[in-house]
Amino acid sequence: MKVRRLVRLVFSFAASLVMAFLLLEGLSSTILCVHDSIFTYRGQLGESYYTRYDPELGWASTPGVRLPNFFGPGIGITINSQGLRGQDTAIEASGFRIVCSGDSFTFGYGVDDEHAWCSLLAKFDKRLQSVNMGQGGYGIDQASSGTCAMARSSSIRCTSLLSSLWIFTVCDTDGSSVMPNPC
């Protein structure tokens, strides 16, 4: 009788431990779900929050979109009124302009506006003006031929995008989890 009672006690303790673990795991999942619903955007393809259909390119950034916590707390995306990544800035007719075009690496997927590499270029010298025309998912054809098409769809005169330097970047291992730094 004592052995049976001891087995029952051990079994009850183990079952209580498993139930406590499951309750803790469920509570943790609920907290993470609530956190993610507040601080991140889920349920759709990420780009669908800031892009729209474009008949020439397939998709382009939607002008005037601001998603303050898109990549996490304090790490957001701003699409200016011209449909370009970053804050509204006048496209100067003079000066040294760098037009950056490419895929999500150029766009700066995962970082805020100021830390996209194209934006960092302009911080080297105040006379530099960088224009980030990167777009997630763009291939070589869209990124290279889409500069003026994107300009037309964003109500920017293509001649105003003539640059002193055009930097074109596409990562060939985009999305790879094999290499820690795909580019």
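The values are calculated or read from the model by the stated rules, or taken from the named source; none is laboratory data. Not measured: the values here are computed from a predicted model. Virtual Cβ from ideal backbone geometry, glycine too; neighbours counted across all protein chains shown.
Some observations on this one:
- Every residue from the stretch 27-64 that is modelled with pLDDT of 80 or more and either basic (Lys, Arg) or under 17 Å from Ala116 (Cα atoms) (or both): Tyr50, Arg52, Ser61
- Residues that are crowded, with 18+ Cβ neighbours inside 10 Å and under 21 Å from the mean Cα position of the chain (by Cα), drawn from the stretch 91-111: Val99, Cys100, Ser101, Gly102, Asp103, Ser104, Phe105, Thr106, Phe107, Gly108, Tyr109
- Qualifying residues in the stretch 47-66 (those that are part of a loop (DSSP other than H, G, I, E, B) and in contact (Cβ under 8 Å) with a residue 40 or more places away in the chain) - the one surrounded by the fewest Cβ atoms within 10 Å (Cβ to Cβ): Glu56
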